[in-house]
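The values are calculated or read from the model by the stated rules, or taken from the named source; none is laboratory data. Keep in mind the model is a prediction, meaning the values are calculated, not measured. Positions of Cβ are backbone-derived with ideal geometry, glycine not excepted, and every protein chain shown enters the neighbour counts.
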Amino acid sequence: AQSVTQLDSQVPVFEEAPVELRCNYSSSVSVYLFWYVQYPNQGLQLLLKYLSGSTLVKGINGFEAEFNKSQTSFHLRKPSVHISDTAEYFCAAPWLEGGSQGNLIFGKGTKLSVKP
Amino acid sequence: KAGVTQTPRYLIKTRGQQVTLSCSPISGHRSVSWYQQTPGQGLQFLFEYFSETQRNKGNFPGRFSGRQFSNSRSEMNVSTLELGDSALYLCASRDRGRLAGETDTQYFGPGTRLTVL
């Protein structure tokens, strides 16, 4: 079955520390991968996406992610987090079953909590 | 361009009632997808409308339905509400210029939070 797995449901970190949010995908999903962020009481905002080419993808707000085909991973990183990065982060991939054509299957989300 | 808008932002209904949610996509976008977000199940795809036709459907009962108008605005309807339908309902729009849209970015609205009592 297709799946996108986020290994950590919550990640607490201190301000200015580095952070890595982990995402693994099943080999049966599309290799187009996305990271979205959801701030409290808001919808989802695209952080970055991997479509092809360089395996290191840079996104907004200083985030980057590395696509690793051999490990079926697409981990999100930021070298120094700010209080304002406190949010829930979702890894997603296009759902391939039933001719979905681009509709997304999401991981369960990782709540990033940045402490002063 | 204005982003995706959803109305209303909050709704409270009782079991057995029905509800209609509205979504206006980004200007020029022809595809609207709906997702349900709950603490237990996370984000799940409901259905997609493109050019006024339902193109894809997730694994939800027939109580969940939708439609799309000629201006690409979409409505989602849930009949005979159950407590488990309490959720944040998100709609997303994309251009869908290509037939297969796996590389398209979906742009999400702020959601409608439905509470069923």
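Report, by residue number, each residue of the range A:68-79 that is within 26 Å of residue A:113 (Cβ to Cβ) and not polar (S, T, N, Q).
A:74, A:75, A:76, A:77, A:78, A:79, listed by residue number.
Checking residue A:32 against (1) surrounded by 13 or more Cβ atoms within 10 Å (Cβ to Cβ); (2) under 14 Å from the mean Cα position of the chain (by Cα); (3) at pLDDT 95 or above, which single condition isn't satisfied?
It is condition (3) that residue A:32 fails.
Among the numbered conditions (1) touching a Pro at 6+ places or on another chain (Cβ under 8 Å); (2) facing chain A (nearest Cβ under 9 Å); (3) not in a strand (DSSP E or B), tell me where residue B:72 comes up short.
Checking residue B:72 against (1) touching a Pro at 6+ places or on another chain (Cβ under 8 Å); (2) facing chain A (nearest Cβ under 9 Å); (3) not in a strand (DSSP E or B), the one that fails is (2).
Only one of (1) surrounded by 17 or more Cβ atoms within 10 Å (Cβ to Cβ); (2) of a type outside the set (D, E, K, R); (3) assigned to a strand (DSSP E or B) fails for residue A:81. Which number is that?
(3)
Can residue B:40 be described as surrounded by fewer than 18 Cβ atoms within 10 Å (Cβ to Cβ) and outside any loop (DSSP other than H, G, I, E, B)?
no
Would it be correct to say that residue A:41 is part of a helix (DSSP H, G or I) and closer than 27 Å to residue B:34 by Cα?
Judged against the criteria, residue A:41 is not a match.
Working carefully through the options A:58, A:115, A:111, find the one that is touching a Phe, Trp or Tyr at 6+ places or on another chain (Cβ under 7 Å), charged (D, E, K, R) and either within 8 Å of chain B (Cβ to nearest Cβ) or more than 22 Å from residue B:3 (Cα to Cα) (or both).
A:115
Among the candidates A:3, A:9, single out the residue that is over 30 Å from residue B:25 (Cβ atoms) and within 13 Å of chain B (Cβ to nearest Cβ).
Among A:3, A:9, only A:9 is over 30 Å from residue B:25 (Cβ atoms) and within 13 Å of chain B (Cβ to nearest Cβ).
Among B:68, B:54, which is the only one that is without any contact (Cβ under 8 Å) to a residue 40 or more places away in the chain, surrounded by 20 or more Cβ atoms within 10 Å (Cβ to Cβ) and polar (S, T, N, Q)?
B:68
Checking residue A:51 against (1) in contact (Cβ under 8 Å) with a residue 40 or more places away in the chain; (2) farther than 25 Å from residue B:88 by Cα; (3) facing chain B (nearest Cβ under 8 Å): exactly one of these is not met. Which one?
Of everything listed in (1) in contact (Cβ under 8 Å) with a residue 40 or more places away in the chain; (2) farther than 25 Å from residue B:88 by Cα; (3) facing chain B (nearest Cβ under 8 Å), residue A:51 misses just condition (1).
Among the candidates A:14, A:34, single out the residue that is aromatic (Phe, Trp, Tyr) and within 18 Å of residue A:116 (Cα to Cα).
Only one candidate qualifies: A:14.
Given the residues A:86, A:72, which is the only one that is modelled with pLDDT under 95, away from every other protein chain (no Cβ under 14 Å), farther than 17 Å from residue B:35 by Cβ and surrounded by 15 or more Cβ atoms within 10 Å (Cβ to Cβ)?
Just one listed residue meets the conditions, A:72.
Working only within the range B:2-19, note down all residues that are in a strand (DSSP E or B) and over 13 Å from residue B:85 (Cα atoms).
Correct list: B:5, B:6, B:7, B:10.
So residue B:33 passes all but one of these: (1) part of a loop (DSSP other than H, G, I, E, B); (2) facing another protein chain (nearest Cβ under 9 Å); (3) touching a residue at least 40 places away in the same chain (Cβ under 8 Å). Which condition number does it fail?
All conditions are met except number (1).
Exactly one of (1) within 13 Å of chain B (Cβ to nearest Cβ); (2) touching a residue at least 24 places away in the same chain (Cβ under 8 Å); (3) in a strand (DSSP E or B) is unmet by residue A:46. Its number?
Result: residue A:46 fails condition (2) only.
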